[in-house]
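> There's a structure below that I have some questions on.
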Amino acid sequence: MARLSSCGTVGLPGEHSGAECVRFAAVRAFGARGYFPAFQISDCRPIAARSGDDPMVKSGHPVLKPSRVLVADDEHLIASSICNSMRSLGYEAVGPVGDGSEALRAFDCENPPDIAILDIRMPGMDGLEAARVLWHERGVPSIIVSAYSGEEHLARAQAAGVFGYLIKPVSADAIGAELRVAWSRYCETAEYKRRIQQLETTLQDRRLIEQAKWQLVQKNALSEAEAHSAIQRLARNQRRKLREVAQSILDSDGSPVALD
């Protein structure tokens, strides 16, 4: 269940699934802290895939503070007020735009916004659907600013993976504080995803090497230790990664592998 705090912020529990060994290793490596937006390990998408200007692409980790903030609200006065608040707090306000489809199009550029502030009820695509697409398909975090806080809206916000939820009317200070918290949670979630992906890759590599080792044991009549040493020697001599050597062994026609 989503939780609405006294300041109007929604906390969204994560829904973790996937291989138990990966989940356990990830928790040990990262620490079981706080709440994460609703995403599943199996749905983890590399945030670096967003664009060449994404902070994850530049450094491998999110920057400490977003610079460009998209504002989407069909009430022009409210949208303009939020944009002015963003500028007064040192952010670059993008927009405002008046519906969810326009919000998505704002990210189809060379220098897309880092995060979105979205109203719920807008013409065409509403803010919650836009937030869902931004997070689950593009890896972009969002904050909902709305006059509505019913159970249906909170449930949809949780499913969309929003990082913050404020109830109108909101002050510049409230939006600024929520933006900082939301970005911090996004950075934490991005790091969590990155480490899970690393663990999954490591497990896949180990499985591949293990399979190649046993093929050498069977086809080259080596002991397990000799087969492992042979793979390491081939990788070193050929200046290739262990998983690449292992894959080439598995791709052989089943005859003994040349180990020189």
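The values are calculated or read from the model by the stated rules, or taken from the named source; none is laboratory data. Because the structure is a prediction, the values reported are computed rather than measured. Here the Cβ positions follow ideal geometry from the backbone for every residue, glycine too, while neighbour counts run over all protein chains shown.
> Test Ala172 against the stated conditions and say whether it is surrounded by fewer than 20 Cβ atoms within 10 Å (Cβ to Cβ) and within 30 Å of Met122 (Cα to Cα).
yes
> Within region 199-219, track down each residue that is touching a helix residue (DSSP H, G or I) at 6+ places or on another chain (Cβ under 7 Å) and of a type outside the set (A, V, I, L, M, F, W, C).
Glu200, Asp205, Gln211, Lys213, Gln215
> If you go through region 213-241 one residue at a time, how many are part of a helix (DSSP H, G or I) and closer than 15 Å to Ser252 by Cβ?
So the answer is 12.
> Here is a check on your reading of the model: is Val181 β-branched (Val, Ile, Thr) and touching a residue at least 24 places away in the same chain (Cβ under 8 Å)?
yes
> Okay, moving on. Does region 102-127 hold any residues that are surrounded by fewer than 17 Cβ atoms within 10 Å (Cβ to Cβ) and either touching a residue at least 40 places away in the same chain (Cβ under 8 Å) or of a type in the set (S, T, N, Q) (or both), and which are they?
Within region 102-127, Glu110, Asn111, Arg121, Pro123 meet the criteria.
> Regarding Ala93, is this residue under 22 Å from the mean Cα position of the chain (by Cα) and either aliphatic (A, V, I, L, M) or outside the structural domain of Phe163 (by TED's automatic domain parsing) (or both)?
No; evaluated as a whole, the condition is false for this residue.
> Within region 98-117, identify whether any single residue is in a loop (DSSP other than H, G, I, E, B), in the same structural domain as Val170 (by TED's automatic domain parsing), closer than 12 Å to Ala72 by Cβ and in contact with a Leu (Cβ under 6 Å, 6 or more places away or on another chain), and answer yes or no.
yes
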